[in-house]
DNA sequence: ATTGAAACACGACACAT
DNA sequence: ATGTGTCGTGTTTCAAT
């Protein structure tokens with residue numbers, strides 16, 4: 001026995017969700033593919049030659065594997081991780097949004113089209129939409145919250161300001 | 001007047017948060033730096049030459065700018081964005097965690113060290129810790145939730161299963 | 001801007017499933 | 001047959017002068 005509560009779910013519900021999950025075409029992945037992704041996660045600009053050295057295969061073989069992973073959709077894109085505060089976004093927030101159920105997609109896509117929205121998730125749980133928003137400062141964040149709140153179909157806006165990112 | 005509620009904050013509180021924010025050393029950034037970051041966000045493996053073409057500067061100039069941005073900490077790392085479901089993680093969740101206030105850092109760093117934790121945020125708001133967790137399936141997710149819940153100092157675990165990622 | 005070295009692209013071929 | 005590998009050759013890109 002432990003002294004914590006779990007909010008909202010039981011195993012039967014979780015099992016049910018599985019059924020509605022779209023089954024993706026399986027991709028054959030071996031150890032080297034996983035190692036490749038691990039390396040690229042740490043240094044997405046590593047050269048094919050360098051990657052090959054680490055895996056014990058040639059640069060050409062690496063290139064072929066990458067193409068395979070890209071075409072299979074395992075690798076969605078190569079990108080760069082930046083520090084929002086150094087870019088002038090001093091106020092980052094995770095914002096939960098409660099909406100009228102029939103308007104979820106409307107609201108979500110409208111919000112996803114905004115500049116402040118860095119990531120948008122549709123979820124089960126308390127809030128149906130979760131947004132990571134980058135604001136210049138808290139005044140700007142307040143304005144963003146107002147903008148979200150005044151969107152047709154939105155019932156409640158629950159902002160959580162990010163104090164620190166550990167991982 | 002709008003028919004939505006905002007959870008937990010008012011402007012005075014937001015203003016107060018600003019004070020405790022660590023002031024980062026400012027970095028001088030011009031339009032080209034921002035464009036560079038925009039390009040790299042879309043294709044983190046673009047060659048210096050290609051980046052230079054788009055900005056109307058030479059590859060060497062691009063390299064210098066990148067080095068500056070890396071050393072200033074604006075660019076934290078180059079990485080790759082993958083599709084968790086194609087990697088065998090069929091169940092992704094955003095998990096809010098309520099903890100006893102004095103144990104936030106303990107709990108957060110313990111959770112950040114786990115394999116399932118892809119991202120960990122410390123936040124204000126309902127939950128003091130927010131985790132993005134990748135689980136193989138819902139059974140695995142249930143196990144992860146249990147693992148979090150039985151961590152010393154955790155009072156409540158609020159999982160939200162990600163149904164879709166829009167952005 | 002030049003230049004030598006490194007990295008990359010592409011074709012041809014080999015081997016395994 | 002399709003996927004994965006190496007090798008050779010020519011081209012591009014990189015970094016340091």
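One table, with the values for the structure above:
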read-out: Residues A:64, A:110, sorted so that the one with the fewest Cβ neighbours within 10 Å comes first; value: A:64, A:110
read-out: Per-residue average of Cβ from other chains inside 10 Å of B:28-34; value: 1
read-out: Per-copy distances of the residue B:61 label point, shortest first, in nm (7 angstrom along Cα→Cβ); value: 4.2
read-out: For q = 0.11 Å⁻¹, Debye-computed log10 I/I(0) when each Cα of chain B counts as one equal scatterer; value: -0.71
read-out: Test item: A:82-91 mean partner chain Cβ contacts at 10 Å; value: 6
read-out: Cβ nearest the rotation axis (B onto A), residue from chain B and distance to the nearest whole Å; value: B:44, 2
read-out: Of A:106, A:98, A:30, the one that fluctuates the most in a GNM where chain A has Cα springs shorter than 10 Å; value: A:30
read-out: Value of [θ]222 nm, deg cm²/dmol, for the protein assembly as shown, DSSP H segments ≥ 4, -39500 (n - 2.57) each, nearest 500; value: -11500 deg cm²/dmol
read-out: Prolate/oblate/rounded call for the range A:74-167, Cα gyration tensor, a/c under 1.5 rounded; value: oblate
read-out: Nm distances between copies for residue B:100, ranked from closest, using label points 7 Å along Cα→Cβ; value: 4.5
read-out: Within 10 Å of each Cβ in A:103-116, the average number of Cβ atoms from other chains; value: 1
read-out: Rounded, prolate or oblate (a/c below 1.5 giving rounded, otherwise prolate when a/b exceeds b/c) for the protein assembly as shown by Cα gyration tensor; value: oblate
read-out: Between 0 and 90°, nearest 10: helix A:138-149 axis offset from chain A longest Cα axis; value: 80
read-out: For the range A:73-138 and the range B:110-167, distance of Cα centres in Å; value: 18
read-out: DSSP-defined antiparallel bridges as percent of all bridges, the protein assembly as shown, nearest 5; value: 95
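Just so you know, all these numbers are worked out from the coordinates, no wet-lab data involved. Quick caveat: nothing in here was measured; it's all calculated off a predicted structure. Cβ: placed from backbone, ideal geometry, glycine included. Neighbour counts: every protein chain shown.
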